[in-house]
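Here the structure comes first, spelled out in structure tokens, and everything after it is commentary.
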Amino acid sequence: MSYRCSRCKRDVTLDEYGGVRCPYCGHRVLLKERGGDVKEVSVE
Amino acid sequence: MSEADFDVQYIERDDRSARVLIRGLSPAFANGIRRAMIADVPTFSIDTVRFVENSSVMFDEMLGLRLGLVPLTTPIDDFEIGDEVTLALDVAGPGTAYSGDLVSSEPLVEPADKNVPLIELKEGQRVELEADAVLDTGKEHAKHQGGVSVGYRHLQRVTVEGDLGEFDEEETRILRGVIETEDGEIVPTEAFDHDLSERYPGKEVSVEDVPGAFVFHVETDGSVDVEELIVRAIGTIEERADELRTTIAV
């Protein structure tokens with residue numbers, strides 16, 4: 001799961017020990033990035 | 001089968017809209033044609049969208065729904081119901097993505113209008129997608145309707161009964177549709193501002209429906225032209241009647 005720090009804009013990977021926190025700047029607001037795969041949507 | 005005595009007369013005619021007077025129809029048949037024009041003439045419409053990238057402010061699903069409503073030109077003879085055509089869109093901001101930016105893999109099937117706004121993109125936003133358009137009928141989904149705003153009215157015959165009495169007040173008499181005068185002239189009511197007292201000042205007139213004569217107003221979304229829409233709609237009625245006949249005969 002990859003996130004992006006909202007303050008320093010760096011990519012952040014979370015593990016189960018570190019809690020929700022950017023390891024570079026300590027900011028606690030992380031943004032979830034859109035995945036890279038193609039998403040199929042049916043139009044109804 | 002007896003030869004029905006139909007008479008067809010175009011009152012207005014354009015690529016996308018027309019007014020047609022048809023005589024010799026029963027009300028049930030007229031309504032059948034109207035319904036067939038809405039629900040039974042197939043058109044292409046985007047059905048599945050594969051998003052490679054969407055960094056716009058709009059959700060994939062919302063953009064998908066908008067894409068579904070873009071009218072696509074449909075040469076019905078060359079395709080069968082269920083056939084698919086792929087279109088692609090790749091636009092980057094800043095700017096607005098229009099239906100004209102859709103690139104079709106099949107030159108016969110492309111957006112009927114090039115100026116339908118799909119989404120507004122800001123600097124750095126981008127949309128890249130691939131969409132499958134499928135041929136289907138309006139009864140499956142309203143986005144497949146070829147005919148929009150299809151309806152009919154009775155043709156109305158206006159007869160001059162005599163002069164207005166000396167002390168009678170001239171009142172406006174609003175009428176919408178198409179009238180037939182006593183000498184057989186067909187006049188849309190727009191010609192006299194929908195007001196019979198404009199056309200027949202100082203006269204007393206009576207208005208009655210002409211039996212079996214219907215004025216259809218037909219408008220298409222651009223996927224097929226008006227004449228084809230009408231002919232196809234009648235064709236589907238014929239097909240179903242044939243099907244019923246063979247089923248009964250067996």
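Quick rundown of the values:
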{"quantity": "Qualifying aspartates and glutamates (Cα of each under 15 Å from Cα of B:Lys139; at least 8 residues distant if same chain)", "calculated": "A:Glu44, B:Asp40, B:Asp47"}
{"quantity": "Charge dipole (debye, nearest 20) of the protein assembly as shown; +1 at Cβ of Lys and Arg, -1 at Cβ of Asp and Glu", "calculated": "2260 debye"}
{"quantity": "Accessible area of the protein assembly as shown divided out per residue, in Å², using a probe of 1.4 angstrom", "calculated": "58 Å²"}
{"quantity": "Kirkwood hydrodynamic radius of the protein assembly as shown, Cα pairs, Å", "calculated": "23.7 Å"}
{"quantity": "Contact surface B-A: accessible area buried, both sides summed, square angstrom, 1.4 angstrom probe", "calculated": "1100 Å²"}
{"quantity": "Listing of segment A:7-44 residues, each with accessible area lower by at least 30 Å² in the full protein assembly than in the chain alone (probe 1.4 Å)", "calculated": "A:Arg34, A:Val38, A:Lys39, A:Glu40, A:Val41, A:Val43, A:Glu44"}
{"quantity": "Residues in segment B:17-54 occluded by at least 10 Å² - accessible area, probe radius 1.4 Å, against chain by itself", "calculated": "B:Asp47, B:Thr48, B:Val49, B:Arg50, B:Phe51, B:Val52, B:Asn54"}
{"quantity": "Solvent-accessible surface (1.4 angstrom probe) belonging to A:Arg21, in square angstrom, nearest 10", "calculated": "110 Å²"}
{"quantity": "Segment B:180-217 versus segment B:125-162: alpha-carbon centroid distance in Å", "calculated": "27 Å"}
{"quantity": "A:Ser42 - accessible surface, heavy atoms, 1.4 Å probe, Å² rounded to 10", "calculated": "70 Å²"}
{"quantity": "Rg in Å to one decimal, and Dmax rounded to a whole Å, for segment B:91-207 via C-alpha atoms", "calculated": "26.0, 77"}
{"quantity": "Semi-axis lengths, Å, segment B:35-97, gyration tensor of Cα atoms, sqrt of 5 times eigenvalues", "calculated": "28, 13, 11"}
{"quantity": "Convex hull volume per residue for chain B, taking Cα atoms only, in Å³", "calculated": "164 Å³"}
{"quantity": "Whole-percent carbon and sulfur share, accessible surface of chain B, 1.4 Å", "calculated": "48 percent"}
{"quantity": "For segment B:44-139, alpha-carbon Rg over 2.2 N^0.38 Å", "calculated": "1.05"}
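The values are calculated or read from the model by the stated rules, or taken from the named source; none is laboratory data. No experiment lies behind these values; they were computed from the predicted model shown. Please note: Cβ atoms are built from the backbone with ideal geometry, for glycine as well, and neighbour counts cover all protein chains shown. In case anyone asks, the SASA skips ligands and DNA or RNA and just uses the protein heavy atoms, side chains included. Shrake-Rupley method; radii C 1.70, N 1.55, O 1.52, S 1.80 Å.
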